[in-house]
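Step one of this worksheet: look at the structure below.
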Amino acid sequence: MFNGIISIRNKNGEEKVKIERPGGSLSPIWSICWNPSREERNDILAVADWGQKVSFYQLSGKQIGKDRALNFDPCCISYFTKGEYILLGGSDKQVSLFTKDGVRLGTVGEQNSWVWTCQAKPDSNYVVVGCQDGTISFYQLIFSTVHGLYKDRYAYRDSMTDVIVQHLITEQKVRIKCKELVKKIAIYRNRLAIQLPEKILIYELYSEDLSDMHYRVKEKIIKKFECNLLVVCANHIILCQEKRLQCLSFSGVKEREWQMESLIRYIKVIGGPPGREGLLVGLKNGQILKIFVDNLFAIVLLKQATAVRCLDMSASRKKLAVVDENDTCLVYDIDTKELLFQEPNANSVAWNTQCEDMLCFSGGGYLNIKASTFPVHRQKLQGFVVGYNGSKIFCLHVFSISAVEVPQSAPMYQYLDRKLFKEAYQIACLGVTDTDWRELAMEALEGLDFETAKKERKKRGETNNDLFLADVFSYQGKFHEAAKLYKRSGHENLALEMYTDLCMFEYAKDFLGSGDPKETKMLITKQADWARNIKEPKAAVEMYISAGEHVKAIEICGDHGWVDMLIDIARKLDKAEREPLLLCATYLKKLDSPGYAAETYLKMGDLKSLVQLHVETQRWDEAFALGEKHPEFKDDIYMPYAQWLAENDRFEEAQKAFHKAGRQREAVQVLEQLTNNAVAESRFNDAAYYYWMLSMQCLDIAQDPAQKDTMLGKFYHFQRLAELYHGYHAIHRHTEDPFSVHRPETLFNISRFLLHSLPKDTPSGISKVKILFTLAKQSKALGAYRLARHAYDKLRGLYIPARFQKSIELGTLTIRAKPFHDSEELVPLCYRCSTNNPLLNNLGNVCINCRQPFIFSASSYDVLHLVEFYLEEGITDEEAISLIDLEVLRPKRDDRQLEIANNSSQILRLVETKDSIGDEDPFTAKLSFEQGGSEFVPVVVSRLVLRSMSRRDVLIKRWPPPLRWQYFRSLLPDASITMCPSCFQMFHSEDYELLVLQHGCCPYCRRCKDDPGP
């Protein structure tokens, strides 16, 4: 705020922290900014005020460090590149870059008026500046790499104000904090020079130890210098400014100056005594010079046509490597000025400091190593080569340098190919494998260079002459003499190895030592390998088994198809030896012996593999038996079983298998496809069955609370479609087949049921024309002339197929000669209120008086004498069943039924007596209703009414959860009704028994009569 107070508040506006600046109203706060860095431990707030200061605070209000003076009024402050730097602008008409601690680094850009705002583009190095005069400026900040390298020490700039010195071999690092912008860095032996804006600092190591990393300030040159390159020597610093080189002492006194003909492109210290070091200088005009710091005269080494980019001199200073502006590496002999060779695609080059003839250069994403005049050995590597010491190559990639260990085998073998053994020995000393060393010795021995061979043996610690002579005898074919010398020199293992390599196993047994089991096993294994190579597989198997090499024995048996030997090996193996047992089982499975493979898996206890075996070999009975014992494998069994069934066109069984596997989505997809196919092929009885299965599938999924509402909606929808297609199947067959198996009354009832049940959007495959045509035809035959007229009138508004056209037109004419009424025998009766309902009911399949839904037989579609009732609140299904099954003392039932039968009228008692049960049935009192009501009033029964019921008069639909059970009371106990325990459809008992005898199952859900339940 303007009074110098900073208020930190939460999102509700409540003040949490209050910071008061020392200057008060004399230091108005003009800009604040939070540090966006996630690496900081605390939230840091940067504050710029017109007391010309910038300060930093933690979220708690505690100040971090001291105030930083600015010498101008700051108008804007913002963080740059994720909180590493700060941008400040104001009355000084420029934007300046500061460190996150407030140290000024430099000017981003100067303006003509006050800078009021400056912001950095997120995740980039772009800065936009807005000024008082309305101008907007856009800048890109580029941070150059500031670093220096000498042998295994690398110094580089970090955070713009720090210098980190890294030892590339030991990976040690030390940080030197300068608290100012670091402009140049130079390192040489134990010296480190750092150029700051107003001075140059000279550091030295505490000791001469090669691994010491502790630096101290030796000298300070308090003077501002402008230079392109900075080089440090033992007692001098060298400044390079375009064409001029200046040599200054550590006290800042200029001692010498060299003026060049062209711009200086590269400079490097190549060593020398303290105070007399030599410099290698490359110019833009292609001239290469050598300068000594104590000599005013530069020595021209050579002149080439192209500009110099990089230089290096060999260890003996006899060869010079140059990379020019055309990316070509050129190597010269310094004495003769002769071009020895050149290589393309180079951006930097370095000689090996320990080997005169080896150099490496980088370029094009590759590292190239060249020994003498041999072809280049190439491998992929990103970055620039900056040093090559022994077997280590130092590469700079982006801002980091790394030491890459490079094997020297390739150049060593290049020398060996030309029989240059001494040079190959020098290369091997840089670092090769033991195998390479042995190969060098053998090549030198064969080439009669005994001195090199002897050096190699000494390098490996071998000084025994008997051992050397034994090697000579072995190569001369004098094996027995060699074996004696090996034994005398104490190297019996070499004799054993020699005889084994020669497959002279009988002689090899003499050198087994004191029965060492490892050596015995090795010898038997070698002998088995030999037997295998000379095409004696059975002998090899026996030897491998005796040597304990079961895997190799199994591989031979498997490759030759020897099932008996495989199972013998598997039975002898311990169950803990899983690898050979698993290999046995794999081969047995390939050799079509699933029984033996299963035995092996059982021995291992690998039930998962056993399940996969049964599935792959389609041994489903064994797989199901295993799944019953281990339910965790059911998914692994039923999923492939279902796919196999589907591939073999057994889709219904596949659907059940998917369901058992818990793959509800696949099960539903199969059912939906089957349903669509059945409708398309006019197999409406199958479509009804599949829709019923779909509904039960949805009911099963509805047990999941998350899907309950959605699945219950689908359940009721599919149940309704199943009922419609089940009834329509008879209509379709009647209109398509020449003969009908259904009675006219059944077709009449089905037509009425469908007409009253069809929704506005007629389901696919169902034809209203066929329904109305059947209804009109059967109504006319049974005497329901009024209904027949209505059906014919409805048909006039529909598209009539040509084959029905004549029959419908004739029926429309002949029905006019019939009376305009329906036969009373066909009028349906409501068994709750005894109301005769019209044949054409606008309300649908419910009573026009009491609104009680009709319950139809699923075969004849007659209205059944059933009334659904509901339980009073608080009565559970289990309690209701126990009350219905309870034996209650009451008058003899037969007499009471006779009395009711002799009575010509039906009595509905409205008053319920709770103390005793009289002759009247209390359920009949519950059938009463308010005449003329427009809403359906269900029958709700109490515990007293439930006790009065007989179990044989009550039918219960025992739906699985989350549905409640449904209860129905038969009002004509003598007329038997049967309910399918699976689909809960109702039938006249005689009809159901006949249909089950005909089809062997329920006609609706196809449950076999022998099945135990739903």
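The values are calculated or read from the model by the stated rules, or taken from the named source; none is laboratory data. Here the structure is a predicted model, which is why all the values come from computation and not from measurement. Virtual Cβ from ideal backbone geometry, glycine too; neighbours counted across all protein chains shown. All accessible areas refer to the heavy atoms of the entire protein, side chains included, with ligands and DNA or RNA removed. Shrake-Rupley method; radii C 1.70, N 1.55, O 1.52, S 1.80 Å.
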Residue list for the stretch 960-984, filter: open to solvent by 20 Å² or more (accessible area, probe 1.4 Å) and within 55 Å of the chain's Cα centre (by Cα): Pro960, Pro961, Pro962, Leu963, Arg964, Trp965, Gln966, Met979, Pro981
Residue tally, condition farther than 30 Å from Cys395 by Cβ, open to solvent by 70 Å² or more (accessible area, probe 1.4 Å) and under 47 Å from the mean Cα position of the chain (by Cα), over the stretch 105-158: 6
Okay, strands (runs of 3 or more DSSP E) sitting entirely in the stretch 3-80 with 2 or more residues that are open to solvent by 20 Å² or more (accessible area, probe 1.4 Å) and in contact with a strand residue (DSSP E or B) (Cβ under 7 Å, 6 or more places away or on another chain), I get 5-9, 15-20, 29-34, 53-58, 63-69
I need every pair where a residue in the stretch 378-401 that is surrounded by fewer than 20 Cβ atoms within 10 Å (Cβ to Cβ) has its Cβ under 7 Å from the Cβ of a residue that is in a loop (DSSP other than H, G, I, E, B) and of a type in the set (Val, Ile, Thr), sequence separation at least 6 or different chains. Asn389/Thr353; Ser391/Val406; Phe399/Thr145
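Quick grid of which residues meet (1) modelled with pLDDT of 65 or more; (2) closer than 28 Å to Ser779 by Cα; (3) surrounded by fewer than 17 Cβ atoms within 10 Å (Cβ to Cβ):
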position	(1), (2), (3)
Glu666	no, no, no
Val670	no, no, no
Leu694	yes, no, no
Ile701	yes, no, no
Thr710	yes, no, yes
His726	yes, yes, no
His734	yes, yes, no
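Could you pull out the residue among Leu302, Leu296, Leu280 that is under 22 Å from His236 (Cα atoms) and open to solvent by less than 40 Å² (accessible area, probe 1.4 Å)?
Testing whether each residue is under 22 Å from His236 (Cα atoms) and open to solvent by less than 40 Å² (accessible area, probe 1.4 Å) leaves just Leu280.
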Being in contact with a strand residue (DSSP E or B) (Cβ under 8 Å, 6 or more places away or on another chain), farther than 24 Å from Thr170 by Cα and open to solvent by 60 Å² or more (accessible area, probe 1.4 Å): is that true of Glu338 here? yes
Do you know which residues across the stretch 807-845 are without any contact (Cβ under 8 Å) to a residue 40 or more places away in the chain, surrounded by fewer than 17 Cβ atoms within 10 Å (Cβ to Cβ) and part of a loop (DSSP other than H, G, I, E, B)? Lys818, Pro819, Phe820, His821, Val827, Thr835, Pro838, Asn842, Leu843
Number of positions in the stretch 195-233 that are within 18 Å of Val165 (Cα to Cα) and either of a type outside the set (Phe, Trp, Tyr) or in contact with a Ser or Thr (Cβ under 9 Å, 6 or more places away or on another chain) (or both): 22
If you check Leu864 against the conditions, is it modelled with pLDDT of 85 or more and closer than 30 Å to His756 by Cα? yes
Test for Asn836: is it under 60 Å from the mean Cα position of the chain (by Cα) and either modelled with pLDDT of 85 or more or not basic (Lys, Arg) (or both): no
All but one of (1) under 22 Å from Gly271 (Cα atoms); (2) among the β-branched types (Val, Ile, Thr); (3) open to solvent by 50 Å² or more (accessible area, probe 1.4 Å) hold for Thr373; state the number of the condition that does not hold. (1)
Sort out which residues of the stretch 235-262 are within 60 Å of the chain's Cα centre (by Cα) and surrounded by fewer than 19 Cβ atoms within 10 Å (Cβ to Cβ), and write them in order of number. Gln241, Glu242, Lys243, Ser262
I'm trying to understand the selection: among the residues of the stretch 764-774, which are of a type outside the set (A, V, I, L, M, F, W, C) and open to solvent by less than 20 Å² (accessible area, probe 1.4 Å)? Thr774
For the stretch 194-220, which residues satisfy the criterion of being open to solvent by 70 Å² or more (accessible area, probe 1.4 Å), under 26 Å from Gly102 (Cβ atoms) and of a type in the set (A, V, I, L, M, F, W, C)? Val217
Hits in the stretch 159-172 - residues which are open to solvent by 40 Å² or more (accessible area, probe 1.4 Å) and closer than 22 Å to Tyr388 by Cβ: Ile169, Thr170, Glu171, Gln172
The stretch 414-438, subset surrounded by fewer than 21 Cβ atoms within 10 Å (Cβ to Cβ) and of a type in the set (Ser, Thr, Tyr), residue farthest from Leu381 (Cα to Cα): Thr435
Within the bounds of the stretch 184-193, is there any residue that is in contact with a strand residue (DSSP E or B) (Cβ under 7 Å, 6 or more places away or on another chain), over 25 Å from Lys151 (Cα atoms) and open to solvent by less than 30 Å² (accessible area, probe 1.4 Å)? no
Lone qualifier among Leu283, Leu301, Leu296 - being more than 17 Å from Tyr332 (Cβ to Cβ) and either modelled with pLDDT under 90 or of a type outside the set (Ser, Thr, Tyr) (or both): Leu296
